[in-house]
């Protein structure tokens, strides 16, 4: 099983012709959309659609957004017994999407700030499970879960997003570290690694933490490093409608591939194809592709290439 320890939000998606400047009011180019979201919830949906058995651990408020978030996950086939109720309101994000598919996001964490590591019992952090985490809940609680999961023999994945300073000692509890280009640069510099080339940064982070580091590069695919080896993986060429959630799609699909027993490079190849497909729908979860669509698209995508 994939255990997702993370955030749940309701997203208000607003299509705009351009992003507002300070003091500027921009009218929506079309009706706004209200969708279930949050990096944890997004990755859970991506993983279950990609063929994984998934459990969600997090918190929502005792409100309509919270009930909607839980019902959405149940409908998708995600196990929700690990979701608790907070006195804070359910997390909410406002997402502006421009005509080129780019996004501008503001998040009010709400109940996500009350997620605690003791919501995840040891029996779901065992060697039979994959633990998938992000940094939209309190990072200290996420770090505790990663430590326990590693001690219990689980495969651990940290999507270090949003960008956050990571203590060097935490890296020893992470098997797969996934970041985008900006997050990778900030993380590397925080760890004392200099440079800006994603290939070099992935390699240095991988060696420093004795882990596999994947840096996603949007339409340019991704780079990955393990040990002394560095790889590049292309993305599918698509006409993006909305790139919101593409990184979450990558993480969830990657975890699903590992759960299926696929080698990590093959899982990354599949995740890259699926992340590209996710950009074809408006809203983070609406575009999450299903397993058969991912497999069909992956046939048309070259496998990862070894650089060194």
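Per-structure values
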{"read-out": "Subset tally (residues that are crowded, with 21+ Cβ neighbours inside 10 Å and assigned to a helix (DSSP H, G or I)) for the stretch 260-289", "value": "12"}
{"read-out": "Check on residue 292, closer than 19 Å to residue 51 by Cα, touching a helix residue (DSSP H, G or I) at 6+ places or on another chain (Cβ under 8 Å) and assigned to a helix (DSSP H, G or I)", "value": "no"}
{"read-out": "Test: residue in the stretch 86-108 that is under 20 Å from residue 125 (Cα atoms), at pLDDT 95 or above, within 21 Å of the chain's Cα centre (by Cα) and buried (at least 18 other Cβ atoms within 10 Å of the Cβ)", "value": "no"}
{"read-out": "Residue list for the stretch 8-44, restricted to those being touching a residue at least 40 places away in the same chain (Cβ under 8 Å), farther than 13 Å from residue 285 by Cβ and touching a strand residue (DSSP E or B) at 6+ places or on another chain (Cβ under 6 Å)", "value": "12, 14, 15, 16, 19, 29"}
{"read-out": "In the stretch 52-80, the residues that are under 23 Å from residue 260 (Cα atoms) and out of contact with any helix residue (DSSP H, G or I) (no Cβ under 6 Å at 6 or more places or on another chain)", "value": "53, 55, 73, 74, 75, 79"}
{"read-out": "Residue list for the stretch 241-267, restricted to those being within 17 Å of residue 130 (Cα to Cα) and in contact with a helix residue (DSSP H, G or I) (Cβ under 6 Å, 6 or more places away or on another chain)", "value": "248, 249, 250, 251, 252, 253, 254, 255, 256, 257, 258, 267"}
{"read-out": "Single condition residue 25 does not satisfy, out of (1) in a loop (DSSP other than H, G, I, E, B); (2) surrounded by 24 or more Cβ atoms within 10 Å (Cβ to Cβ)", "value": "(2)"}
{"read-out": "Meets criteria (more than 18 Å from residue 54 (Cα to Cα), assigned to a strand (DSSP E or B), touching a helix residue (DSSP H, G or I) at 6+ places or on another chain (Cβ under 7 Å) and in contact (Cβ under 8 Å) with a residue 40 or more places away in the chain) for residue 297", "value": "no"}
{"read-out": "Qualifying residue in the stretch 230-248 (condition: at pLDDT 95 or above, in a helix (DSSP H, G or I) and closer than 15 Å to residue 304 by Cβ)", "value": "no"}
{"read-out": "Residue check for residue 252: out of contact with any strand residue (DSSP E or B) (no Cβ under 9 Å at 6 or more places or on another chain), buried (at least 24 other Cβ atoms within 10 Å of the Cβ) and either within 22 Å of residue 7 (Cα to Cα) or modelled with pLDDT under 95 (or both)", "value": "no"}
{"read-out": "Candidate set: the stretch 292-308, residues that are closer than 20 Å to residue 222 by Cβ and under 21 Å from the mean Cα position of the chain (by Cα); chosen: the one surrounded by the most Cβ atoms within 10 Å (Cβ to Cβ)", "value": "294"}
{"read-out": "Among (1) surrounded by 15 or more Cβ atoms within 10 Å (Cβ to Cβ); (2) farther than 19 Å from residue 252 by Cβ; (3) modelled with pLDDT of 95 or more - the single one residue 79 does not satisfy", "value": "(2)"}
{"read-out": "Test set (1) touching a strand residue (DSSP E or B) at 6+ places or on another chain (Cβ under 7 Å); (2) within 21 Å of residue 180 (Cα to Cα); (3) in contact (Cβ under 8 Å) with a residue 40 or more places away in the chain - residue 269 fails condition number", "value": "(3)"}
{"read-out": "Any hit, the stretch 231-242, residues being farther than 25 Å from residue 286 by Cβ and buried (at least 21 other Cβ atoms within 10 Å of the Cβ)", "value": "yes"}
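The values are calculated or read from the model by the stated rules, or taken from the named source; none is laboratory data. In this text, all values refer to a predicted model and were calculated from it rather than measured experimentally. FYI the Cβ positions are ideal-geometry reconstructions off the backbone, even for glycines, and counts take in every protein chain you see.
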